[in-house]
Amino acid sequence: MKLLVTGGAGFIGSMFVRRRMAARPDEKLIVLDALTYAGNLASLAQVKGFEFVHGDICDQPLVERTLAEHQIDAIVHFAAESHVDRSILGPMAFARTNLMGTATLLECARRGGVKRFLHISTDEVYGDLGPNDAPFSEQTPIAPRSPYSASKAGSDHLVRAYFETYGFPTLITRCSNNYGPYQFPEKFIPHMILNALSDTPLPIYGDGQNIRDWIHVEDHCAAVERVLEAGRPGEVYNIGGRAERPNLEIARAILEALGKPESLLKFVTDRLGHDRRYAIDDRKIERELGWSCARRLDEGLAATVKWYQTNDEWCRQVRSGEYRKWVTLNYDNRDGT
Ligand code: NAD
Ligand code: TDX
């Protein structure tokens, strides 16, 4: 299979590429990534054998060329603007990449004869839950509440429309909150770990009782591989960690793991439109494809804390902005983008 992975320099995409290349070193794998602030080639530094195309999924000629030149059979589409807080500050980038980018990719892939298109979506498209509501299933109506989740929901609708209208072989996964190595520290868990390590207050939005279902990024990527291999075209598969926790409990666990005092917790103004609870019913992927989450949250979190403690060079470069040097040297000076 000749595989195109969009967003392969991001947090989840890079884990997918690392795992895939380790298991199938002879497979032809192309990463297409615009290297926004969230893309970091250092996350792929140890990986050999893949090809990298620096480009934007909204750039139709570039996408067409990439698909044709490499005779791509299948696409795993991770590329997105992914941070809710940024979507509240600047929603247009989310509409552009998540909607227009996905539309561009779908249209080029359909015309280019791609045989499988796996769209990586999120549980956030279902909206939020009250404390006693049943978890989201694949039948739960789509009801996004942030510009991020609305743009992802829009992209899911486009993907579904390509299956229904053209019979184009699409698949969708909707996963809960990921954690693990190489996650950009704007997201909750790495943000808490790095602040704790530098004795900086940990900002807890609202009352800290918002609940997320946490899954280790390796478990998510294993599920994505199962869907790529054996998922039924036209279907949606939920993926979850079966580990619902209030944010405050996670922040406390991180402080405890690092031997830091609870006085570092700082309650701050809540996120606008903050979803209260996510929970996932992932029995369909378990039943149909035999996948289930392998890592326990306490073990995965301990390993993640350790990873951020021991990979201080990656963290330092991300925090200082030095990781952007590659883009500046190779591209910014050449064509002004
Ligand atoms: P990320 O922000 O870490 O990475 C996104 C990657 O996409 C980056 O490498 C970035 O450079 C690239 N990118 C952004 N805009 C692009 C464009 N226009 N063209 C080409 N590349 C572009 O995101 P992530 O956390 O790895 O999430 C990956 C996917 O998984 C996203 O689609 C996200 O919605 C979904 N998802 C994430 C989570 C989570 O907890 N992080 C959970 C469920 C689903
Ligand atoms: O500093 C913080 N303090 C805080 O209390 C941050 C960054 C977050 N939070 C809270 C907000 C959420 O309730 O922690 C929770 C998790 O926040 P994020 O890491 O921003 O994740 P979330 O908004 O839940 O969205 C994530 O999961 C689904 C990803 O960013 C999305 O890409 C994915 O689709």
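The values are calculated or read from the model by the stated rules, or taken from the named source; none is laboratory data. Worth saying up front: this structure is predicted, and the values here are computed from it rather than measured. Counting neighbours? That spans all protein chains shown, and the Cβs are built from the backbone with ideal geometry, glycine included. To get the accessible areas, we keep the full protein, side chains included, count just its heavy atoms, and leave off ligands, DNA and RNA. Shrake-Rupley method; radii C 1.70, N 1.55, O 1.52, S 1.80 Å.
Peptides 312-318, 31-37 ranked from most to least packed by the mean count of surrounding Cβ atoms within 10 Å: 31-37, 312-318. In the distance distribution for the chain, Cα-Cα pairs more than 34 Å apart total 20 percent. Kirkwood analysis of the range 202-305, using all unique Cα-Cα pairs, places the hydrodynamic radius at 15.5 Å.
What you get for the chain, charging only the Cβ of Lys and Arg (+1) and of Asp and Glu (-1), is a dipole of about 360 debye around the Cα centre. Working note: 222 nm ellipticity from helices only, DSSP H runs with n ≥ 4, each -39,500 (n - 2.57), summed and divided by the residues of the chain, gives -11500 deg cm²/dmol to the nearest 500.
Placing +1 on each Lys and Arg Cβ and -1 on each Asp and Glu Cβ, with no other charges, gives the range 199-262 a dipole about its Cα centre of roughly 100 debye. For the range 79-235, taking the reciprocal of the average inverse distance between every pair of different Cα atoms yields a Kirkwood hydrodynamic radius of 17.1 Å.
Against the empirical 2.2 N^0.38 Å scaling, what ratio does the C-alpha Rg of the range 69-125 come to? If you can, show how the numbers build up before the last one.
Details: Rg = 13.1 Å, N = 57, 2.2 N^0.38 = 10.2 Å.
Normalised by 2.2 N^0.38 Å, the Cα Rg of the range 69-125 equals 1.28.
Cα axis of helix 217-230 to longest principal axis of the chain: angle in degrees, 0 to 90, nearest 10? The answer is roughly 30 degrees. Couplings for the range 133-143, taken from phi via the Karplus curve 6.51 cos²θ - 1.76 cosθ + 1.60 with θ = phi - 60°, read 6, 5, x, 4, 10, 5, 8, 4, x, 6, 8 Hz in order; Gly and Pro are left as x.
Under 5 Å from the amide H of Lys2 lie the amide H atoms of Asp73, Ala74, each residue being 5 or more positions distant or on a separate chain, with H modelled from the backbone and absent for Pro and chain starts.
Relative to the Cα centre, the charge distribution of the range 197-337, modelled as +1 at Lys and Arg Cβ and -1 at Asp and Glu Cβ, gives a dipole magnitude of about 140 debye.
Phi angles of the range 299-305 translate, via the Karplus equation with coefficients 6.51, -1.76, 1.60 and θ = phi - 60°, into HN-Hα couplings of 5, x, 5, 4, 5, 5, 4 Hz per residue; Gly and Pro are given as x. Toward the positive end of the charge dipole of the chain, with +1 on the Cβ of Lys and Arg and -1 on the Cβ of Asp and Glu, the farthest Cα among Phe11, Ile215, Leu228 is that of Leu228.
The residue among Ile120, Gly49, Gln317 whose Cα reaches farthest toward the positive pole of the charge dipole of the chain, with charges on the beta-carbon of Lys, Arg, Asp and Glu, is Gly49.
Karplus-derived 3J(HN,Hα) values for the range 206-213, using 6.51 cos²θ - 1.76 cosθ + 1.60 with θ = phi - 60°, are x, 9, x, 9, 5, 10, 10, 9 Hz; glycine and proline are entered as x. May I ask you to give the percent of accessible area on the range 202-254 that is carbon plus sulfur, with a probe radius of 1.4 Å? Of all accessible area on the range 202-254, carbon and sulfur atoms account for 45 percent.
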